[in-house]
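Notes follow once the structure below has been shown.
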Amino acid sequence: MDRNKFSAIAHRDHAFYNPMSEGKIMKMIDRAALKPQDKVIDIGAGRCELLIRLVENYQVSATAVELYDRAIEEAKRRASTRIPDGSIEFIVDDAGAAVEKCEAGSYDLGICIGSTHALGGLESTLEAMKGLVRKNGFILIGEGYWKQTPSAEYLAALGGADESELRSHAENVKAGEELGLIPLWSYVASDDEWDDYEWLYSMSVENYCLENPEDPDHDAMLERIRAWRRTYLTWGRDTLGFGLYLFRKV
């Protein structure tokens, strides 16, 4: 079963691919004080809903980096009915390779929400963003964190994850500080926001399988989503957090 296919189906009714509410995300963006023609780059942009909204609301010039070509196809379809042609440069490529081709210090806002793995983790993502963003520019990161020490059973259910793969909320902020970035604001997802995200994620797959019983991945998708739902309810809801972090480069 293709991982990208499963994720696209599970997120088909989400505005954004993370548990933060739309209101919190847009309030965080407001704090970056974007102006018309400011340059914004989003690493792991998915269907580019956030960038489309930034063009709609602030008339920015945007660059989307996304490895999954079908997500970019959907992004282009959405963009074609909402924003002027050419407002977003779409790059379908590995994030590391794409970043190397971008002009250093040329962006007013760098975004990577839920995709720091694409650049090797939180520190390397912050380093890459620091290189891309101009002096006094902004960096917006979305990253998971441990609310409490994860149990061995939870780590095993996540496929053999390691506790070291995430930090605490405070340590996420500290990671930016240690690189000389100034932390300006943070929000974390509430229990209600997590429930909204996880139950919609689960329901989307259940509904898809009901609607598409002949899909060759039907049984595998149901097995996967039901195991994931049990994992969330048993351990994840109390253990895994998600935060948005806004930094300024000085």
Interatomic Cα distance distribution for segment 20-188, bins of 5 angstrom, percent: 2, 8, 17, 20, 20, 16, 9, 5, 2, 0, 0
Residue-span extension gain [Arg134 to Ala161] - 0.36 nm each, minus C-alpha spacing: 6.2 nm
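Using +1 on the beta carbon of Lys and Arg, -1 on that of Asp and Glu, and nothing else charged, what's the dipole of the chain about the Cα centre, debye to 20? Display every interim value, and only then the final one.
Details: 29 positive and 43 negative charges, 189 e Å.
With only Lys, Arg, Asp and Glu charged at Cβ, the dipole is about 900 debye.
Output the antiparallel fraction of DSSP beta bridges having both residues in segment 20-188, as a percent to the nearest 5. Mind dumping the intermediate values first?
On the way: 0 of 19 bridges.
Counting only bridges with both partners in segment 20-188, antiparallel ones make up about 0 percent.
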Cα-projected label distance for Glu214 with Gln59, points at 7 Å along beta-carbon direction, nm: 5.0
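Please report Thr234, Thr149, Thr239 as a ranked list, fewest other C-beta atoms within 10 angstrom at the top and most at the bottom. Don't skip to the answer; put the middle values down first.
On the way: Thr234 14, Thr149 9, Thr239 17.
Ascending Cβ contact count within 10 Å gives the list Thr149, Thr234, Thr239.
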Under Karplus coefficients 6.51, -1.76 and 1.60, residue-wise ³J(HN,Hα) of segment 180-194 in Hz, glycine/proline x: x, 8, 9, x, 9, 6, 8, 10, 10, 5, 7, 4, 5, 5, 4
Prolate/oblate/rounded call for segment 6-74, Cα gyration tensor, a/c under 1.5 rounded: oblate
Extension gain, Ser151 back to Met1 (0.36 nm per residue minus Cα-Cα distance, nm): 51.2 nm
Residue order, fewest to most surrounding Cβ atoms within 10 angstrom, among His169, His218: His218, His169
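Readers should treat all values here as calculations from the given coordinates under stated rules, not as data from a laboratory. Keep in mind the model is a prediction, meaning the values are calculated, not measured. Backbone-built Cβ (ideal geometry, glycine too); neighbour counts: all protein chains shown.
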